[in-house]
Amino acid sequence: MSFQDFTKLEVWISARKVTNSIYNITKLFPQSEIFGITNQMRRGAVSVPSNIAEGCGRSTTKGKLVFFYIARGSLFELETQLYISLDQKFINEITFSEVLEEIQISKKLLNGFINYFKKLDDAK
């Protein structure tokens, strides 16, 4: 499979799932947070599959890795915001656990993807 056909990659599909979950849970956040954590979580979530896609479109391994690292950073940021949402009682423990599991799966897949490309880069 060509990495330019990113829509078939498990890592990208998983990131989309996280994004959809974030959109669904933030619909229930207080209206006063629309320009606060709601917007920040949505933007962070969207950046994950977007940066995976952009990385796949880069011609060099180093270029790809830059975007994959950005995507991974966004997942860590999103995880923190999920904890804050729980602390503020915008979500319950069940929702928190479900979305956190999706984030963890995406992080594992993305780490594997990054490691694959790092090995390619190291082999040069």
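General observations
- On the stretch given as the range 40-68, residues that are of a type in the set (Lys, Arg) and either touching a Leu at 6+ places or on another chain (Cβ under 8 Å) or touching a residue at least 60 places away in the same chain (Cβ under 8 Å) (or both) total 1.
- Residue satisfying all of: in the range 17-39; touching a residue at least 24 places away in the same chain (Cβ under 8 Å) and hydrophobic (A, V, I, L, M, F, W, C); nearest to LYS108 (Cα to Cα) among these: VAL18
- Residue count for the range 1-16, restricted to those that are buried (at least 18 other Cβ atoms within 10 Å of the Cβ) and without any contact (Cβ under 8 Å) to a residue 12 or more places away in the chain: 0.
- Residues being β-branched (Val, Ile, Thr), closer than 18 Å to GLN4 by Cα and at pLDDT below 95 are entirely absent from the range 65-84.
- Test: ILE114 is within 24 Å of GLN4 (Cβ to Cβ), surrounded by 17 or more Cβ atoms within 10 Å (Cβ to Cβ) and without any contact (Cβ under 8 Å) to a residue 60 or more places away in the chain: yes
- Boolean, SER59 is hydroxyl-bearing (Ser, Thr, Tyr), part of a helix (DSSP H, G or I) and either within 15 Å of the chain's Cα centre (by Cα) or on the phi < 0 side of the Ramachandran plot (or both): no
- Among (1) farther than 17 Å from ASN115 by Cα; (2) without any contact (Cβ under 8 Å) to a residue 60 or more places away in the chain - the single one ALA71 does not satisfy: (1)
- Looking across the range 48-75 at every residue that is of a type in the set (Lys, Arg) and closer than 22 Å to ALA123 by Cα, the one that is surrounded by the fewest Cβ atoms within 10 Å (Cβ to Cβ) is identified as LYS62.
- Residue within the range 88-95 that is part of a helix (DSSP H, G or I) and crowded, with 20+ Cβ neighbours inside 10 Å present: no
- Flag if PHE76 is touching a Gly at 6+ places or on another chain (Cβ under 9 Å) and assigned to a helix (DSSP H, G or I): no
The values are calculated or read from the model by the stated rules, or taken from the named source; none is laboratory data. Just so it is clear, the structure is predicted and the values come from calculations on it, not from any experiment. Note that each Cβ is placed from the backbone with ideal geometry, even for glycine, and that neighbours are counted across all protein chains shown.
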